[in-house]
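Values quoted throughout were computed directly from the atomic coordinates according to the rules given, and no laboratory measurement underlies them. These figures come from a predicted structure and were not determined experimentally. All Cβ positions, even for glycine, are placed from backbone atoms using ideal geometry, and neighbour counts span all protein chains on display.
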């Protein structure tokens, strides 16, 4: 075991060099199952070193993360923004390390290390059999949050993009299934909305990553003081089922993670109502991002001013 962390780091660094900013490939090639064999402290140290190497390389993903964080904290000086970006890359690689290890975590440890704020918003809806639609951003560890929900009596359904290669997607689906989640493919399968509706109408929980959508069906909202595009799906699903729309944000504190549940976003009619509902989600995201920007792992374009003119 003694030589494995350094070997893992070398392998990850080579993968990083070959794959550029595709951190998913870095993590996958680093050894999905090997990470589970390391003591937690050693595994986290290895991924922290990988994060430092990725930050040092300063590729396009790091550039995009820095630009996005500048939208969140425009008050920061350049050196402060660099320090925040470095911390965010470390947070992102912590997510990967934890996610690889999650299937081997004792479930009581997952629950013990989870803190919540405003949890009653979700529990009240769930207890009444109304179901709930929970949009969340790419913050801290959403897989951990899903595992906590399943472990505390709320199995959930979510939607995931198909990854390339197909084997990588299959691994992710299998991984999340071990945590108690049902995963629906965003493309290449049956229509997802009817299945999500049925689940919510039966009183189930649906969680959807919702801080980025560049499709033609996206809606434009204000996020952290700048225009951004987010999916309308969470608002549409909540409105069609009558379920509460409950935005969530996440952040790390030491070896624990906190899930913050915002109050339900009011439902509203028509297309303008969908935009208003997603603006309510964006407002909750803004509060969480500004409070804990280091845990936002967004290495892609989100804000309208950063998009290609033709999009």
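Please arrange 253, 286 by counting, for each residue, the other beta carbons lying within 10 Å of its beta carbon, fewest first.
On the way: 253 12, 286 20.
Sorted ascending by nearby Cβ count, the order is 253, 286.
Could you please rank 89, 159, placing first whichever residue has the fewest other Cβ atoms within 10 Å of its Cβ?
Details: 89 26, 159 20.
The fewest-first ordering by Cβ neighbours comes to 159, 89.
If you bin the C-alpha pair distances of segment 180-311 every 10 Å from 0, what whole percents do you get?
11, 39, 37, 12, 0
Please give the length that would be gained between residue 123 and residue 218 if that part of the chain were fully extended, namely 0.36 nm times their separation in residues minus their C-alpha to C-alpha distance (nm, one decimal).
31.3 nm
Hey, with R₀ at 35 Å, roughly what FRET efficiency would residue 305 and residue 253 work out to, going by the Cβ-Cβ distance, to 0.05? Mind showing how you got there, number by number?
On the way: r = 33 Å, r/R0 = 0.93.
Taking R0 as 35 Å, the efficiency between residue 305 and residue 253 is 0.60.
Work out how much length residue 193 to residue 271 would gain on full extension: take 0.36 nm times their residue separation and subtract the Cα-Cα distance, in nm to one decimal. Write down the numbers at each step before the final one.
Numbers: separation 78, 0.36 × 78 = 28.08 nm, distance 1.74 nm.
Once the chain is fully extended between residue 193 and residue 271, it gains 26.3 nm.
Label-point separation (nm) for residue 56 and residue 77, each offset 7 Å from Cα along Cα-to-Cβ?
Reported label-point gap for residue 56 and residue 77 is 2.6 nm.
Among 232, 48, 176, rank each residue by its count of other Cβ atoms within 10 Å, from fewest to most, as a rough exposure measure.
Values: 232 19, 48 15, 176 22.
Final ranking by Cβ density, sparse to dense: 48, 232, 176.
In nm, to one decimal, how far is the modelled label at residue 48 from the one at residue 112, with both set 7 Å along Cα→Cβ?
2.2 nm
Specify, per residue and in Å³, the volume enclosed by the convex hull of the alpha carbon atoms belonging to segment 99-256. If you can, show how the numbers build up before the last one.
Working: hull volume 20.4 nm³, N = 158.
Output value, Cα hull per residue: 129 Å³.
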